[in-house]
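Peer 1: If you scroll down you'll find the structure; I have some questions about it.
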RNA sequence: CCGCCCUUAGCUCAGACUGGUAGAGCAGUCGACUGUAGAUCGACUUGUCCCCCGUUCAAAUCGGGGAGGGCGGACCA
């Protein structure tokens, strides 16, 4: 595979790359390393799943991939995870992420897993954190984390340490590429600005689009109807899709289309399969698509109606998450221990 | 260490001065209308009024104590 192909693979289906020329240079030189961090807070959902698909692209492009389970960040962000639950939630996240990577068509064994508290308490790291804290203004740290850290009328100091630590993580993991959702942009721009003064080098940032929620607007972790959970059974998935915001012919804010584009089609393409839509004879009979572009074209023209698309989308999404769902059901203690209030 | 303010529905808050066991907006649920959803109408649901003790026939409301949160002052050899 030549450099251009590797570049295309690594950057397809992304929202932004900062800077493309730097990424090209990295591919010219050899095998760049990439990392993505997940703070083990609430239950994982389909939004997480869509970012996993990219890790398969990275591996196929000959990159080294590290997944960081950022346990301390989970606690630092407004106590989203209580300190006592960090072990259980880290275990649950790691298992779920491995299952998602496998389900997305990549090899989880090829990915290195690291837990934040394993290195973020090292003396060297801590000292650098304090030096950075001395140099960074409160407003700069707030701005960097504003899209990531939970808003509060009484923000804790931890919310300001959060972006600084994420910046040091890039250096500590020796990552050439920082991968994350576009909401991470503010933090990684801070990283590019200051990391070279703290023992690292500015990362190339590959930023994934944030998917719309099923109820219109942004997907909300706290709104159950706006997202598909990994543990939702097939009926629940179909029901959520049936209730989804999905104006005929419109792509804007259309979570149904986005799930198909960023999750379903990449995965079925990996398997060489097609997307089949059942449709009553009165509206023209069944349809089959082998690319998302064709499906979107039909949807925009009005040929493909939401009422026919939704049940098909629900069934395919359910099929994609099925291996993950089964894995979590075989190990019920993972969820029970990570979320004792919900699963006792 | 001292002082002041806040705590009522899932969320944002009103009600407290002048006691009669609670309201609005948003959210949510359900119908109608669209071959989906949304929008729009129509209907509906929701509460240890932070906790304890006291006064009273009666306390979200008054008095005392406590908890949690916020703000300010003081201290700065």
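The values are calculated or read from the model by the stated rules, or taken from the named source; none is laboratory data. Everything numeric here is computed off the predicted structure, so don't read it as measured data. Backbone-built Cβ (ideal geometry, glycine too); neighbour counts: all protein chains shown.
Peer 1: Can you tell me which residue is nearest to residue A:53 (Cα to Cα) among those in the range A:199-219 that are part of a loop (DSSP other than H, G, I, E, B) and touching a strand residue (DSSP E or B) at 6+ places or on another chain (Cβ under 6 Å)?
Peer 2: Once the filter is applied, the top-ranked residue is A:210.
Peer 1: Still on this structure, please answer the following. Just to be sure, is residue A:190 in contact with a helix residue (DSSP H, G or I) (Cβ under 7 Å, 6 or more places away or on another chain), in the same structural domain as residue A:136 (by TED's automatic domain parsing), crowded, with 22+ Cβ neighbours inside 10 Å and modelled with pLDDT of 95 or more?
Peer 2: Here the answer is no, as residue A:190 does not meet what is asked.
Peer 1: For the range A:114-139, which residues satisfy the criterion of being farther than 13 Å from residue A:168 by Cα, touching a helix residue (DSSP H, G or I) at 6+ places or on another chain (Cβ under 7 Å) and at pLDDT below 95?
Peer 2: Within the range A:114-139, A:136, A:138 meet the criteria.
Peer 1: Here's a follow-up. Does residue A:84 fit the bill of being without any contact (Cβ under 8 Å) to a residue 60 or more places away in the chain, surrounded by fewer than 23 Cβ atoms within 10 Å (Cβ to Cβ) and over 25 Å from residue A:142 (Cα atoms)? Quick ask: steps written out before the conclusion?
Peer 2: Values: without any contact (Cβ under 8 Å) to a residue 60 or more places away in the chain: yes; surrounded by fewer than 23 Cβ atoms within 10 Å (Cβ to Cβ): yes; over 25 Å from residue A:142 (Cα atoms): yes.
Answer is yes for this residue.
Peer 1: While we're here: Please pick out the residue among A:214, A:160, A:210, A:164 that is away from RNA strand B (no atom under 16 Å from the Cβ) and buried (at least 19 other Cβ atoms within 10 Å of the Cβ).
Peer 2: Just one listed residue meets the conditions, A:164.
Peer 1: Give just the number: which of (1) in contact with a strand residue (DSSP E or B) (Cβ under 9 Å, 6 or more places away or on another chain); (2) more than 16 Å from RNA strand B (Cβ to nearest atom) does residue A:231 not satisfy?
Peer 2: (1)
Peer 1: Here's something else I'd like to know. Mind checking which residues of the range A:294-310 are closer than 16 Å to residue A:245 by Cβ and in a helix (DSSP H, G or I)?
Peer 2: To start, the set of residues in the range A:294-310 that are closer than 16 Å to residue A:245 by Cβ comprises A:299, A:305-307, A:309-310.
A:299, A:306, A:307, A:309, A:310 - these are the residues of the range A:294-310 that are closer than 16 Å to residue A:245 by Cβ and in a helix (DSSP H, G or I).
Peer 1: Of the residues that sit in the range A:295-311 and are away from RNA strand B (no atom under 11 Å from the Cβ) and exposed (fewer than 15 other Cβ atoms within 10 Å of the Cβ), which one is nearest to residue A:10 (Cα to Cα)?
Peer 2: A:297
Peer 1: Being under 24 Å from residue A:52 (Cα atoms), within 14 Å of RNA strand B (Cβ to nearest atom) and in a loop (DSSP other than H, G, I, E, B) is the filter here, so list the residues in the range A:250-286 that pass it.
Peer 2: Hits for the range A:250-286 are A:251, A:252, A:253, A:254.
Peer 1: If I go through the range A:201-225 residue by residue, how many of them are within 16 Å of the chain's Cα centre (by Cα) and either under 15 Å from residue A:320 (Cα atoms) or in contact (Cβ under 8 Å) with a residue 24 or more places away in the chain (or both)?
Peer 2: Selection size over the range A:201-225: 11.
Peer 1: Follow-up. One residue is enough: does the range A:241-249 have a residue meeting the conditions away from RNA strand B (no atom under 12 Å from the Cβ), surrounded by 13 or more Cβ atoms within 10 Å (Cβ to Cβ) and part of a helix (DSSP H, G or I)?
Peer 2: no
Peer 1: Condition first: in contact with a helix residue (DSSP H, G or I) (Cβ under 6 Å, 6 or more places away or on another chain) and free of Cβ contacts under 8 Å to residues at least 40 places away in the same chain. Can you find one or more residues in the range A:258-277 that meet it?
Peer 2: Yes: one or more hits.
Peer 1: Just a yes or no: is a residue in the range A:77-86 out of contact with any helix residue (DSSP H, G or I) (no Cβ under 9 Å at 6 or more places or on another chain) and assigned to a helix (DSSP H, G or I)?
Peer 2: Yes: the range A:77-86 contains one or more residues that are out of contact with any helix residue (DSSP H, G or I) (no Cβ under 9 Å at 6 or more places or on another chain) and assigned to a helix (DSSP H, G or I).
Peer 1: If you don't mind, there's one more thing I want to ask. Which one of A:117, A:139, A:196 is within 16 Å of RNA strand B (Cβ to nearest atom) and either part of a helix (DSSP H, G or I) or surrounded by fewer than 20 Cβ atoms within 10 Å (Cβ to Cβ) (or both)?
Peer 2: Residue meeting the stated conditions: A:139.
Peer 1: Just checking, how many residues over the range A:142-184 are within 14 Å of residue A:205 (Cβ to Cβ), in contact (Cβ under 8 Å) with a residue 60 or more places away in the chain and assigned to a helix (DSSP H, G or I)?
Peer 2: Of the residues in that region, 4 qualify.
Peer 1: Only one of these conditions is not met by residue A:299: (1) more than 28 Å from residue A:43 (Cα to Cα); (2) out of contact with any helix residue (DSSP H, G or I) (no Cβ under 7 Å at 6 or more places or on another chain). Which number is it?
Peer 2: In the conditions (1) more than 28 Å from residue A:43 (Cα to Cα); (2) out of contact with any helix residue (DSSP H, G or I) (no Cβ under 7 Å at 6 or more places or on another chain), residue A:299 misses (2) alone.
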